[in-house]
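Here, each number is a calculation from the coordinates, and none is a lab measurement. It should be emphasised that the depicted structure is a prediction, and the values quoted were computed from it without experimental measurement. A quick note on method: Cβ atoms are made from the backbone with ideal geometry, for glycine too, and the neighbour counts reach across all protein chains shown.
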Amino acid sequence: MSDDALWITGPYGVFVAEDHVVALANALKRAATECSEVASVLGRLSAPTEDPWASLDWQVVSRHARRVEELGHEALRLAHALWSYARASADQERARVATFVAPGERLFATAIAGLSGRYPSVEWAHWGLPVAAGAILGPYKAQDTIRVHPAPMGPRTPVAQATTVEERILRIPPSHTPIRIERYAGDGGVVSTEVFIAGTSDWGVGHTSNPFDLESNIALVAGLGSASWVAVEMAMRRSGVKEGDRVTFVGHSQGGLIAARLAESGRYTTTGLITVGAPLGGTPVHGDYPAISISHTDDVVPPLGGRVEPTRSFGISRHSGAALGDVSDAHSVERYAKTAASLDGSQARSHLPVFSRTDATTRPSYFRATREVDS
């Protein structure tokens, strides 16, 4: 696996392959179809009739028709061989997870429980990072008083809806205003919303005044609600988003985990999901909408979600290109935007989900959030 190659995981782990393998398999399949069509045309010409084509050597035409048909079958065999390789890679990955990742995760969870002094009340065979996260929080409650505040920032002129994965990632806001919302009026007055969510901005341990803190991160990994999740939904309501509305969610790190939970909540008509650097392990996608999850192999955050559950999302991974040991750079939005640019330009892009868009423009809304903490 080369560092600069994009590796694509299909929905439910049906295949795992480099982007060039995916593109080549698709090209071979198209070539096989075209060869079959050409062979069919040549086959019809190989029966001589009294017409201007009668001077043709019909035996030669027939021979070429058979050869084109053989080339088509050969291209199809190669395409099937490549997909078999990809499926075998997926089987090997599942075996690796069962043999090494799951037991290793249980041991890691045991170490975390030992350090925190709180042990999960489930059988050890079912321990994992989400279970350990829940034990760390203890009797966690997310019913804090959360407030969202409009933030006067961003472009003063209307913007068009993003067209590429890179554009959407670059619209993820900075951590001090972690929520950006765009509302587009489409044909027939149907409004589409895009919600962009930043990651963790406060890594302090304990209950802080910032909803996007480590506590919210741990709660989300544990499968619980979080103050940051509440803040995003409050901002959506202030922007006019109602249950059942069409929404595309885009998020980085903790914001990606919130995006996935909201997309799967069933409260909205999810039209797309893009996450980068998010610990999604225990938050699989089951809905029928375009979904892409991007992670860097040298980013320490995505594995913190635990082993990856079967999902409908397309997974994209590669090395970030950051210097060895620079975990902050490997996790940065900027690095993920560069990976997204490679994805947009990849030959395999046509095999991946397409996100709908309108020609409308809008002025983005930004929000910051606070949590009231008892003194």
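Converting phi to 3J(HN,Hα) with the Karplus coefficients 6.51, -1.76 and 1.60 and the offset θ = phi - 60°, region 71-82 yields 4, x, 4, 5, 4, 5, 4, 5, 4, 5, 5, 5 Hz in sequence order, with x at every glycine or proline. Among residues other than Asp329 whose Cβ falls under 14 Å from its Cβ, what is the net charge (Lys/Arg +1, Asp/Glu -1)? After counting each charged neighbour, the total is -2. Peptides 246-257, 32-43 ranked from most to least packed, by the mean per-residue count of other Cβ atoms within 10 Å: 246-257, 32-43.
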